[in-house]
Amino acid sequence: MTRRLPLTDDATAGPELAAEYAAAREREGRVMAILRAMGPRAEVLRAFLSMTEAVLYGPAALGHRERELLALTTSQANGADYSADAHAALLERHGGGPDPSERDRALVAFARRLTLAPREGAEAVAELGDHLSADEIHDAIAVVALLNMANRAALATGISVEDDLH
């Protein structure tokens with residue numbers, strides 16, 4: 001039997017991390033398990049939240065729906081159910097997908113290829129260049145990179161929705 005890495009909770013969080021958990025509860029009504037999967041260092045959690053805000057939710061050349069499509073595809077490719085479920089719900093809120101367009105098919109293929117065969121990244125970018133601008137490709141790279149990091153933390157810690165703190 002595999003021993004699970006313990007997650008920091010309210011009882012074990014230091015003051016700075018406890019403040020981050022309190023802020024998460026104020027924003028989301030809970031502390032999502034992915035935040036706990038980032039570990040016990042508040043500065044790591046703050047950096048992750050800042051990157052997430054910039055990559056997924058801030059102004060970008062790619063729209064929110066396309067970024068969620070990339071996030072979902074990356075999570076599915078990794079077998080990261082926790083993240084896939086969350087991003088499937090967010091994708092629905094932003095219009096659903098993928099649609100049958102060449103552009104969406106190219107985004108899905110890119111996310112899968114960069115996730116499953118990262119050494120083929122340059123070729124994946126070249127193929128995406130037939131469908132997206134350079135700025136949009138940079139956004140796509142950032143989304144896939146962020147989700148691969150988050151997926152690895154989720155998978156390594158074995159989090160599930162039952163780990164969300166209310």
Completion exercise
Across segment 34-81, the tally of residues that are in contact (Cβ under 8 Å) with a residue 24 or more places away in the chain and outside any helix (DSSP H, G or I) stands at 10
Exercise for the section: Search segment 1-27 for residues that are within 17 Å of Ser160 (Cβ to Cβ) and pair each with any residue that is loosely packed, with under 10 Cβ neighbours inside 10 Å and modelled with pLDDT of 95 or more when their beta-carbon atoms are under 9 Å apart and the residues are at least 6 apart or on different chains. Expected result: none
Practice task
Note down all Cβ pairs under 8 Å where the first residue falls in segment 138-160 and is under 23 Å from Leu128 (Cα atoms) and part of a helix (DSSP H, G or I), the second is of a type in the set (Lys, Arg) and at pLDDT 95 or above, and they're at least six residues apart or on different chains.
Solution key: Asp139/Arg67; Val143/Arg67
Exercise for the section: Tell me, please, whether a residue that is under 14 Å from the mean Cα position of the chain (by Cα), of a type in the set (Gly, Ala, Ser) and either closer than 16 Å to Ala145 by Cβ or surrounded by 12 or more Cβ atoms within 10 Å (Cβ to Cβ) (or both) can be found in segment 97-109. Expected result: no
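The values are calculated or read from the model by the stated rules, or taken from the named source; none is laboratory data. Only a predicted model underlies this, so the values are computations on that prediction, with no experimental measurement involved. We place every Cβ from the backbone using ideal geometry, glycine too, and count neighbours over all the protein chains shown.
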